[in-house]
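Q: The structure's right below; bear with me while I get my questions together.
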Amino acid sequence: MSTVQIQNDQFYQAVTYVFKSWTALKLAVEMQWGGVDSEDKRDWLVDVVVEKYENEIIDAMDISEDVSSNNQNKMYSSKKEPIIDDEGFQLVTKRRK
């Protein structure tokens, strides 16, 4: 199982836990305020939230890997060379006396 799949599963479990622990939603399901299929509606809501943010978890992982590799490249760069970020700005550092 890939790391992304494991994270997606953990995210699904976390969202499910939060929704099932949400007092107002829990009461609505128990009292069937959404009709006889209140439980199904809660589960549908969990699925919608997970699907919405699932892709944002793969993009966030890609960004964090890019930032990590970029930081490693900066550590190994020569101190005499200016450090330029992704937007083209030069990092200004304090000069030693």
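Q: Any residue at all in the range 79-96 that is modelled with pLDDT under 70 and either surrounded by 10 or more Cβ atoms within 10 Å (Cβ to Cβ) or on the phi < 0 side of the Ramachandran plot (or both)? First the steps, then the outcome.
A: Filtering the range 79-96 down to residues modelled with pLDDT under 70 leaves 79.
Next, from what is left, pick out any that are either surrounded by 10 or more Cβ atoms within 10 Å (Cβ to Cβ) or on the phi < 0 side of the Ramachandran plot (or both): 79.
Yes: the range 79-96 contains one or more residues that are modelled with pLDDT under 70 and either surrounded by 10 or more Cβ atoms within 10 Å (Cβ to Cβ) or on the phi < 0 side of the Ramachandran plot (or both).
Q: Considering only residues that are among the small types (Gly, Ala, Ser) and either within 18 Å of Glu56 (Cα to Cα) or surrounded by 12 or more Cβ atoms within 10 Å (Cβ to Cβ) (or both), look in the range 1-38 and name the one that is nearest to the chain's Cα centre (by Cα).
A: Of everything passing the filter in the range 1-38, Ala14 is nearest to the chain's Cα centre (by Cα).
Q: Assuming Lys41 fulfils every condition listed in (1) modelled with pLDDT of 95 or more; (2) of a type in the set (D, E, K, R); (3) exposed (fewer than 12 other Cβ atoms within 10 Å of the Cβ) apart from one, which condition is it?
A: Here Lys41 meets the rest and fails (3).
Q: Going through the range 22-41 one residue at a time, which ones are within 25 Å of Asn55 (Cβ to Cβ) and part of a helix (DSSP H, G or I)?
A: Step one: list which residues in the range 22-41 are within 25 Å of Asn55 (Cβ to Cβ), which gives 22, 25, 40-41.
Residues satisfying the conditions are Leu25, Asp40, Lys41.
The values are calculated or read from the model by the stated rules, or taken from the named source; none is laboratory data. Quick caveat: nothing in here was measured; it's all calculated off a predicted structure. So basically every Cβ, Gly included, is an ideal-geometry build from the backbone, and we count neighbours across all protein chains shown.
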